[in-house]
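Let me begin by presenting the structure, written as structure tokens, before commenting on it.
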Amino acid sequence: MINELLVLAACSSCMYALAGTVNSHVEVAGIAQLIDKKFLSVTLDAGELYHGFGSRFQYQNPTVMGLAKALSPAWLRVGGTDADFLYYQGFDSSEGSSGLAASLGDPVEPVNRTSFDALANFAHEAGWKLIFGLNELNRTNDGTSGGTWDPTNAETLIRHAHVNRQVVGWELGNEMDLSGSHNKTTFNMSAQTVAKDFEVLSGLLTKIYGATNNDSYDAPTLVGCDVAGQLDYLEDFAAALAGSGHAKDVGALTWHHYYENGHTSTAEQFIEPKVLDKVRAGIDQVQQIKAKYLPDAEPILGESSSAYDGGTYGVSDRFASTFWWLD
């Protein structure tokens, strides 16, 4: 099973001043917290696969590869909004349907075997373990009520990855708590609907691999459901799985946390302890959800950064943005 990536970091004091002198004391007599070796891991937007992996992200550059290897061991999660608009093409002779996304008028971008294998080979060479997000919007109806997830197209990719031992974790969908908004769907996808979709994927993984949630290429972990921060939605998802007898289907319970809006945040907010403490309440709530519904699932903070929507120009790429890593 995937080891817990989310680690609670304690800090005796967080002090700052816009001007003047600050005196601080660092206690070094003992270890405050041990963290997993994969604590610092990476999410890559699935859009990097749109035009062939490497068309934008220069993974073959020796400097890039050197930096990637320096982070090893790590997880490489490939997901995000674009993951729900990918179509897996050429993994077998049956290419299936283009899915719900096309019926909504959104672009469905093909991902071919060459692109996916290049991604998997990069992860392998860097010493990273690949977690891949599947398109949950490939559904059985026209989108008026959400329907059910159609695994036909995804199965071709999963079987390919199984044969080539490429993926240790599978996700399904991204931030469905934002469905009906955020340019994702024209309808609301309930947490109960998402839970049923995960049950379908769990059954498919068991059929292909024979087992799940052992954190290996032979029995990958099912990871989800990657909410955007609406933890009540995550709780409803977990409750639905537990209520239907599928509590053990999901090996990792995931959510996303961003401290501020990238369009409006300021440098002062980035070093404000009250802002940095926002994540603490989320951690506590996710731990409670785990304990109540999915005791075997490991909590994972699947996405996080200083500010969402690309960060804040001139701040997210400056020293002020380092404090959230420490918090």
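Nothing in this text is a laboratory measurement; each read-out follows from the coordinates by a stated rule. Remember, it's a predicted structure, so these values are computed and weren't measured experimentally. Don't worry about glycine lacking a Cβ; one is built from the backbone with ideal geometry, like all the others, and counts go over all protein chains shown.
Whole-Hz Karplus values for segment 211-219 come out as 6, 9, 6, 10, 6, 8, 5, 8, 8 Hz, taken residue by residue from phi with 6.51 cos²θ - 1.76 cosθ + 1.60 and θ = phi - 60°; glycine and proline positions read x. Counting only DSSP beta bridges with both residues in the chain, what percent are antiparallel, rounded to the nearest 5? Expressed as a percentage, antiparallel bridges in the chain total about 5. Placing unit charges on the Cβ atoms of the charged side chains and taking the dipole of segment 235-307 about its Cα centre, the candidate lying farthest along the positive direction among 301, 259, 242 is 242.
Here the calculated FRET efficiency for residue 29 and residue 244, from their Cβ-Cβ distance with R0 = 35 Å, stands at 0.10, rounded to the nearest 0.05. Here the simple spin-label model places points 7 Å from the Cα toward Cβ, and for residue 206 and residue 264 these points are separated by 4.6 nm. Near residue 74, the amide H atoms lying under 5 Å from its own belong to 129; only residues 5 or more places off or on other chains count, and H is placed 1.01 Å from N. In plain terms, if you count all Cα to Cα distances in segment 210-327 and split them into 10 Å steps from zero, the share in each step is 14, 38, 27, 18, 4, 0 percent. Residue 200 sits among other residues whose Cβ lies under 13 Å from its own Cβ, and their net charge, with Lys and Arg +1 and Asp and Glu -1, is -3. In order along segment 301-310, the phi-based Karplus estimate (6.51 cos²θ - 1.76 cosθ + 1.60, θ = phi - 60°) of 3J(HN,Hα) comes to 7, x, 9, 6, 5, 5, 8, 7, 6, x Hz; Gly and Pro are listed as x. Under conditions of 25 °C and 0.890 mPa s, segment 42-326 yields 126 µm² s⁻¹ as its translational diffusion coefficient, taking Rh as the Kirkwood radius over Cα pairs in the Stokes-Einstein equation. Separation of the alpha carbons by more than 27 angstrom is noted, of 129/248; 38/278; 69/207; 196/290; 38/248; 69/278, for 69/207; 69/278. In a simple Cβ point-charge model (Lys, Arg +1; Asp, Glu -1; nothing else charged), segment 42-326 has a dipole of about 540 debye relative to its Cα centre.
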